[in-house]
Amino acid sequence: MEIGSLQHVFERPGPFVTAYLDTSGDAEDAAKAIELRWRAVRERLQEQGADASALDAIEAHVREHRAQTGRRGQVLVARDDQVVLQDELPEPPTDLPTEDQAHVGPIPHLMPYLRRCMTTVPFLIADVDRTGADLTLVRGPGEVERVRVDGENHPVHKTRAGDEENHQRFHMSVEERWKRNAEASAGEIAERASKIGALAIVLTGEDQQRALVRDLLGEQDRVIEPDSRAASPEQLRREVTRRVHDAEIADVVEEFQREAGRGERAVEGWQDTVEALRRGQVRTLLWTADDHAGDLHVGSAATELAADERALTDSGGEVVGDAPASAAVVRALAGTDADLVITEPDAIDLTGGIGAVLRYVA
C-alpha cells in the first residue's frame, strides 16, 4: 500500500484531532443519528483536551455530510480550524476501541484508517456481450460509476438461412463483428481502468466474448474471472480485495524472507525497524502487530521516533510528545514515501509483529 499521498496531512505540527465516525444511513432519521454519534465522539475528544476550533471544523463537515443508505463510516483529522483529512470508510468503525475512535495527540492516529483502506481497492467490472460491455468502475466506498460500451449490434447472431456459401460468408461476417466489438470493449476497459488506477479488472459475461476480451487485454496478472457470476458488487469487492492483497503480501513476504536469509536488506523487531525508519532506509514495512503496541516518543520531523527519548535528543531532535507506535510508524512511512503491507500473523512470523525490506544496507 502506497501511503506517500498522506504526506500533506503532516505538513504542519500538531496537535491533531482524529475522529472515526459511524455515518451509516440506514436509520429512519439518519442525519439525526449521525449527529448524536458525533456528539458522543466530540465529548471524548474534549475530555482529551482537543482544541475547540478543530472540533468545530470537524463538526462543520459532519453537518454538511449527506447520509447515504448502507453501512459506512468516515475518518476526519483536524488541526487548528482546518480538516486536513476526510475520507470514506467501507464499514462503520464500531469495532474500533473507544480510544481509537477519538484521539488527540501530536500526530494523527491513522493505522485504523489504513487497515480499512485495504478494503477499498479500486477495480473495474466488465460484463461483456457480443454487442459491447457494461462497465462498473469502483473507486472506493460509495464511488461507483457505470458506463455502457456499444459496438456494432447487427447482425451478431448466426443463422441457418441461405445456401452453404452465403451461410459461411455470413458466419464469418458475424465473427468479425464479434472481434471488432471485443476490441472496442477491451480498449475502453483498458482506458477506464488506467484512469481510476484499477488494481484489478473483473470479467463476466458470455464465455466466448469474455475470452476474446481477455486475450486482447493481455494483462493476465490483473484480470480476474470471479468464482460466481451471480456475485453482487459487494461480494466482488471482497473477492478482488482478497486476491489483490494476497498477491501483494505473498510477493513482499517472499522478498523479505529472501533478504533476511542473506542477512542484508531486511530487519525485524521494534528496535531495528524503528532505527531503519529513522534513517529513511525502509522501502516496505510489514505489519502484523496489534495497533496498541505501546507508545513511541516523536519529534517534529517524520523520521523522529524512538522508544528511548535520548535517541532523539542525542541526534539533535526535540521530543514533542508521545504517540501510539502505529501512528508514529505511519508518519515515518509517509514522510519517506515507503510502502506498508498489513497482514495476519500466520502469513509471516515477525519478532514484535514488525519488519521491513530496506532500500539499502547501512
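The values are calculated or read from the model by the stated rules, or taken from the named source; none is laboratory data. All figures in this text were calculated on a predicted structure; none of them were measured in a lab. Glycine also receives a Cβ, built like all others from the backbone with ideal geometry; neighbour counts cover every protein chain displayed.
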Could you please tell me which pairs satisfy a Cβ distance under 7 Å, a separation of 6+ or placement on different chains, a first residue in region 1-20 that is modelled with pLDDT under 80 and among the small types (Gly, Ala, Ser), and a second residue that is surrounded by 11 or more Cβ atoms within 10 Å (Cβ to Cβ) and not in a loop (DSSP other than H, G, I, E, B)? Gly4/Ala334
When region 267-299 is checked residue by residue, the ones that are acidic (Asp, Glu) and either in a helix (DSSP H, G or I) or at pLDDT 95 or above (or both) are Asp272, Glu275
Would it be correct to say that Thr69 is in the same structural domain as Ala19 (by TED's automatic domain parsing), among the β-branched types (Val, Ile, Thr) and at pLDDT below 85? yes
Out of (1) hydroxyl-bearing (Ser, Thr, Tyr); (2) touching a residue at least 40 places away in the same chain (Cβ under 8 Å); (3) touching a Gly at 6+ places or on another chain (Cβ under 8 Å), the one Thr303 does not meet is (2)
Could you look through region 23-40, keep only residues that are surrounded by fewer than 21 Cβ atoms within 10 Å (Cβ to Cβ) and touching a strand residue (DSSP E or B) at 6+ places or on another chain (Cβ under 6 Å), and pick out the one that is farthest from Gly105 (Cα to Cα)? Gly25
Subset of region 5-38, residues of a type in the set (A, V, I, L, M, F, W, C) and within 21 Å of Glu91 (Cβ to Cβ), comes to Leu6, Ala19, Leu21, Ala27, Ala30, Ala31, Ala33, Ile34, Leu36, Trp38
Scanning region 332-348 for residues that are in contact with a strand residue (DSSP E or B) (Cβ under 9 Å, 6 or more places away or on another chain) and in a loop (DSSP other than H, G, I, E, B), which turns out surrounded by the most Cβ atoms within 10 Å (Cβ to Cβ)? Ala338
If you go through region 175-195 one residue at a time, how many are at pLDDT below 85 and within 18 Å of Arg243 (Cβ to Cβ)? 0
Any pair with Cβ under 7 angstrom, 6 or more apart, that starts in region 37-58 at a residue that is on the phi < 0 side of the Ramachandran plot and among the hydrophobic types (A, V, I, L, M, F, W, C) and ends at one that is surrounded by 13 or more Cβ atoms within 10 Å (Cβ to Cβ) and in a loop (DSSP other than H, G, I, E, B): Ala54/Asp80; Ala54/Asp81; Ala57/Asp81
Quick one: in region 141-157, of everything that is crowded, with 17+ Cβ neighbours inside 10 Å and either at pLDDT 65 or above or on the phi > 0 side of the Ramachandran plot (or both), which residue is farthest from the chain's Cα centre (by Cα)? Gly151
Report yes if some residue within region 90-99 is touching a residue at least 60 places away in the same chain (Cβ under 8 Å), among the polar types (S, T, N, Q), part of a helix (DSSP H, G or I) and over 24 Å from Asp295 (Cβ atoms); otherwise report no. yes
